[in-house]
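**Q** I'd like to ask some things about the structure below.
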Amino acid sequence: MTYKIQRTLCLAAAAAALAAVLAAPARAANAPYLTPDSTVAELHGNEGIVGSGFDSWDRGTFLPEQPWEYAHWTLRRYAGAPVDASVAALNLLIGNYNRGLQVTYPLYTAEEIAAEPSRASAELYYFPAKEPGAKYAIVLSGNMLERTARVKECCSAVAELHELGYAAFILHYRVGRELKDNANYQDLVRAVQFVTANAAQLGVQAEDYALMGFSSGGQLCGIFGTERMGYRNYGLPKPGALLLAYPILNFAYGKPILFYIYDGAEPGDHLAPGDYYYNIEVPNEATASLPATFQWYGRDDGTLKGVFPQWQSPALDAALERCGVPHEMIVYDKAPHGSANGAGTDAAGWIKEAAAFWERVTEV
């Protein structure tokens, strides 16, 4: 099958998935809004959250979150310092649901899911801008094998992006036992194909979009900018900017775990064959075609300290400088891993700075 045919089929599948969802009847509702003092049980059981299709559970299938875990925690305790922004985004979602607006978009067709059932969990959650025709960002949380951070990281970012006038999508990409054969990266590619093919219906600009990634989500965004596996290989528009928060860009430390546990390798198999996401060291793939990149991390980030920090953001920053790619890197004194929108840390306000960078590098 030729590349052009493959691309046409992928875009057609994305359009078909959107058409099927838009065909579903919308109806107004009256789901209650959340507060920082709402409990996690109230979050999981909220009509607007459940009815919209938003997955508010932050664990995967191998070690699923049990109904009694966190249930009595308040969202203030569950999300920490970013709680106000996270709740604001959840309430945007509930408000859209109450007005009958579509929130959740599946990324794969029924036929594709039948062929690979794990694709059923790959979804986009849409947060329209205040005005149609805005730029959009796709936001990817970090994950620790089975654990994700959509409520804390993605929602807190979406709330700020919304206030700045952007549209945003949270990508629910596959993790854990669903991660075989680059499933997480396939989901990101399909998400960009989906929005690109349906920008007019979704009310967003197809060009100059941003990919915002936290931690390991940042690595997926970085791969999308590479010549080896990125946007050019799929005939997609170049991202206007990559906006990366404490990204892990080199997975050298975790290849054996990912290779043997999630990709089902057998003893004696060659470690990390081919273009597997965890085999891509983003700084070493940097070329002049990599999108403009804004990134930050904290000096007190204990997670980065344990994964060869010199191979992460500093290495990418140096590579971007050599390649002449517009870039900015901020190192905060106090901003631990998982700081999300930076509330309560030195990184507070980083999303506004990142958005200003995004605007500068996409000026006509």
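Each reported figure results from applying straightforward, stated rules to the coordinates on display, with no laboratory input. It should be emphasised that the depicted structure is a prediction, and the values quoted were computed from it without experimental measurement. For neighbour counting, all protein chains shown are included, and Cβ atoms are generated from backbone atoms with ideal geometry for every residue, glycine included.
**Q** Which aspartates and glutamates, if any, have their Cα less than 12 Å from the Cα of Lys238, not counting same-chain residues under 8 positions apart?
**A** Glu207, Asp208, Glu227
**Q** Can I ask one more? Tell me, what is the Rg over Rh of the range 301-364, with Rh the Kirkwood radius over Cα pairs?
**A** Details: Rg = 13.4 Å, Rh = 13.3 Å.
Taking Rh as the inverse mean 1/r over Cα pairs, Rg/Rh reads 1.01.
**Q** Hand me the trypsin sites (Lys or Arg not before Pro) from the range 290-364 located in a DSSP loop with no more than 14 other Cβ atoms within 10 Å, in residue order please.
**A** Sparse-neighbourhood loop trypsin sites (Lys or Arg not before Pro): Arg299, Lys334.
**Q** Let me ask something else about it. In the neighborhood of Gln312, defined by Cβ-to-Cβ distances under 12 Å, what is the net charge if each Lys or Arg adds +1 and each Asp or Glu adds -1?
**A** Numbers: positive: Lys305; negative: Glu281, Asp301, Asp317.
Combined, the nearby Lys, Arg, Asp and Glu give -2.
**Q** Give me the net charge for the shell around Arg76: Cβ to Cβ below 10 angstrom, other residues only, Lys and Arg +1, Asp and Glu -1.
**A** Working: positive: Arg77; negative: Asp37, Asp84.
With Lys, Arg at +1 and Asp, Glu at -1, the net is -1.
**Q** Taking the Cβ of Asp55 as the center, what net charge do the other residues with Cβ under 10 Å away carry, scoring Lys and Arg +1 and Asp and Glu -1? Walk me through the numbers on the way to the answer.
**A** Numbers: positive: Arg150; negative: Asp58, Glu123.
Net charge around Asp55: -1.
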